[in-house]
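Worksheet for the structure shown next.
The values are calculated or read from the model by the stated rules, or taken from the named source; none is laboratory data. No experiment lies behind these values; they were computed from the predicted model shown. No Cβ is skipped: glycine too gets one built from the backbone with ideal geometry, and neighbour counts run over all protein chains shown.
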Amino acid sequence: MSDASLKGRAIIITGGGRGLGRAMAEALIDAGADLMLTGAREADELEATRLALAGRDGGRCLAMLADVGDAAACDAVAAATEAAFGRIDVLFNNAARSGSSVHPGEGYPDHARFWEVDVDAYRDLVLTNFVGPFMMTRAVAPGMVARGFGRIINISTSRPTMLFAPGGPYGPAKAGLEASSRIWARQLEGSGVTVNVLLPGGAADTALIPGPGVGTRAAPWNPAEGPFVEGLHTGLLPPEVMVAPALWLASDLSDGVNGQRFVGRNWDPARPWAEAAAVARAATIDVPHII
């Protein structure tokens, strides 16, 4: 992966303390990037991740406790990153709340109905998963446009999950984020700033999936056997499915790629970069069909 060097590139990863965010952060800092990690609730976990990454042979790593659902916090993250690194080159909108958070109990009730979910939790999920990426992107986009370079990478979910009823607003929020991504990509066309979507391709072994043993539950998976149908997988995917496409999207290798959607599960690191990207690129749906 030496040809995806990110030496000196300034990158923000929201929700960077664990799960997909930490997996991507480890690879990005090893490639030389300077990182600002954010988290909303687990200060100890975020600091532990920062210390672990700062000790690696790569770029610098900072961390801020900040809720992407708070516009002032988003502005503060952007300002702190620019103060520390001189600019912001890449934003990974990765922070998210689980669909299970809208239910009073644990997990996903088999027969959960929308009028029975917790209203405040529903609002918080939409604020984090849908409005939060907008506010973070709003905070960094003007500087990127002024410098003529930037990468916005929005972390999404499989299309079947967008209609997973027990998940409450999780799927619809991600569907809205993908629609927003396409609009932002169009509005930024020609500015040097690109907007793309990256998703695992199925449920991943992170804390967003209820249950014990987080980090030990991933099932065997071989990207060379793909491409796979989104969401169809017997078991959980390892967070590392995001690593190679995240490196590519953050690097100069993805110059000119804008308004596209990439499935991590279908990215085969054994293939050349361009070939792997072509296989992992999801077909564009030009005319939306919700119902």
Residues located in region 225-239, provided they are part of a helix (DSSP H, G or I) and crowded, with 20+ Cβ neighbours inside 10 Å: 239
Test: residue in region 195-208 that is without any contact (Cβ under 8 Å) to a residue 12 or more places away in the chain and either under 30 Å from residue 115 (Cα atoms) or not small (Gly, Ala, Ser) (or both): no
Residue list for region 247-264, filter: part of a helix (DSSP H, G or I) and buried (at least 18 other Cβ atoms within 10 Å of the Cβ): 247, 248, 249, 250, 254, 264
Single unsatisfied condition, residue 8 versus (1) closer than 19 Å to residue 153 by Cβ; (2) modelled with pLDDT of 95 or more; (3) out of contact with any Lys or Arg (no Cβ under 7 Å at 6 or more places or on another chain): (2)
Search result, residues across region 265-286 that are over 19 Å from residue 157 (Cα atoms), in a loop (DSSP other than H, G, I, E, B) and free of Cβ contacts under 8 Å to residues at least 24 places away in the same chain: 271, 272
Residues of region 211-224 classified as touching an Asp or Glu at 6+ places or on another chain (Cβ under 8 Å) and surrounded by 15 or more Cβ atoms within 10 Å (Cβ to Cβ), total: 4
Any pair with Cβ under 6 angstrom, 6 or more apart, that starts in region 130-146 at a residue that is within 16 Å of residue 156 (Cα to Cα) and ends at one that is in a helix (DSSP H, G or I): 130/173; 130/176; 130/177; 133/177; 136/74
Region 169-200, subset aliphatic (A, V, I, L, M) and surrounded by fewer than 22 Cβ atoms within 10 Å (Cβ to Cβ), residue farthest from residue 144 (Cα to Cα): 175
Residue within region 212-224 that is under 27 Å from residue 134 (Cα atoms) and in contact (Cβ under 8 Å) with a residue 12 or more places away in the chain present: no
Filter result for residue 148 (surrounded by fewer than 18 Cβ atoms within 10 Å (Cβ to Cβ) and at positive phi): yes
Residue 67 vs. criteria charged (D, E, K, R), out of contact with any Phe, Trp or Tyr (no Cβ under 6 Å at 6 or more places or on another chain), within 16 Å of residue 17 (Cβ to Cβ) and touching a residue at least 40 places away in the same chain (Cβ under 8 Å): yes
